[in-house]
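The values are calculated or read from the model by the stated rules, or taken from the named source; none is laboratory data. Model, not experiment: these values are computed from the prediction. Neighbour counts run over all protein chains shown; Cβ positions are idealised from the backbone, glycine included.
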């Protein structure tokens, strides 16, 4: 195996765990690596720790950029591998080079509308890149590693062996996902997640004892993603081409950006292999992005536009999350509209709204049922002897081609339906932003505008009554919230007294 692997590690204020993370990478049994450390404006000793590993290992690349969040850091790593950082003025320092460049967010996929992500769009951020070569070494595969987690020593080698074994069996896949451990904050206690068991329970499939791996189609993977909204981006090795296709990126400044990226990624591929072998340790800590408490922990600078405006930091957190799902819902809908598979099959998935698009699918199904029946009937009609053989041959060929076309369209319909389910399941989580606007009367990121865009394309009664009240009559919702909060505090005091 001589494949080059790029490992992208976003770093932000993780001095307590960073050494464990980087040690696990440089000690991998597979050594043909590009270790891309993206320092996202850390203000603790994480910067010094990362730089010390750069001096220690020539496979390391160190990228320094302003704070922009996990998405921005991962994107900067992807842009580096794709030679899109616009690097210039390489200065030679002893054995390595320092180059200046710009990271510019261009949208979460190629040709995206981008109206819903205007905060950082096309705004260059200056970056500094340290590397031991001027040239960027092309990578065949890429993986993401969060800087408070770590890899098992044979993680990369095991994933590549699966790729190679399947290739020899003429069963090529685009992604190898693997099981992982949940780790305590101190890293002393590990508990396996059993990803394959979760998949089998969702699909009602029999669990095979000690099954080493399972190969899934993109439809099965998207369905799994739909019913088990688990994060996948740090749990596998991806062909770099699957990310380059349609130039997919993480949406900048978003909470739970992995959810949107996963839909993009799995649409781009054909097959996935899930290995039952745990190769990653996911550390559960109180100050992580998922468990961030704004009342206790300092917020990152790139979220200052929200946290400095809202008086109640709990509302700021809810607004930020609600806005994220509003933006990502709009982006996923835009992505579905522009997926080539849908355009090439009688405009499946293209229309003014979800209801019209469902009608499009029924029309296409009806059209192909009629087409197939017509071809079948033509075979039963009497023909002249001189033309009978040619006619049967032509009709048989036509039937075969029509059958292939129909199978293709059915597969496209299924893909479309799953993506639309994903879109519709994502939208309800966005209404929290409207409720926060109603309570504090502030909307720093124009969440209302994004909500209006969604209302035009979702079914009429998709959003609940509380979101409609929060949007149409914010004063009434605010009164409801005040009364509810008052009753909650009253119950709390009563409980405290009884104790």
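Tabulated results
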read-out	value
When residues of the stretch 452-461 are limited to those that are in a loop (DSSP other than H, G, I, E, B) and in contact with a helix residue (DSSP H, G or I) (Cβ under 7 Å, 6 or more places away or on another chain), the one farthest from residue 336 (Cα to Cα)	459
Scope the stretch 424-439; condition closer than 25 Å to residue 484 by Cα and crowded, with 17+ Cβ neighbours inside 10 Å; matching residues	427, 429, 430, 431, 432, 433, 434, 435, 436, 437, 438, 439
Leading residue by the ranking (surrounded by the most Cβ atoms within 10 Å (Cβ to Cβ)) among those in the stretch 83-107 that are farther than 18 Å from residue 40 by Cβ and out of contact with any strand residue (DSSP E or B) (no Cβ under 7 Å at 6 or more places or on another chain)	107
Wholly enclosed strands (runs of 3 or more DSSP E) of the stretch 24-119 bearing at least 1 residues in the same structural domain as residue 252 (by TED's automatic domain parsing), farther than 13 Å from residue 9 by Cα and without any contact (Cβ under 8 Å) to a residue 24 or more places away in the chain	88-93
From the options 474, 428, residue that is without any contact (Cβ under 8 Å) to a residue 60 or more places away in the chain and within 22 Å of residue 262 (Cβ to Cβ)	428
Some residue of the stretch 219-226 being buried (at least 19 other Cβ atoms within 10 Å of the Cβ), modelled with pLDDT of 75 or more, in the same structural domain as residue 257 (by TED's automatic domain parsing) and part of a loop (DSSP other than H, G, I, E, B)	no
Qualifying position, being exposed (fewer than 14 other Cβ atoms within 10 Å of the Cβ), within 20 Å of residue 312 (Cα to Cα) and either modelled with pLDDT under 80 or touching a strand residue (DSSP E or B) at 6+ places or on another chain (Cβ under 9 Å) (or both), among 480, 486	486
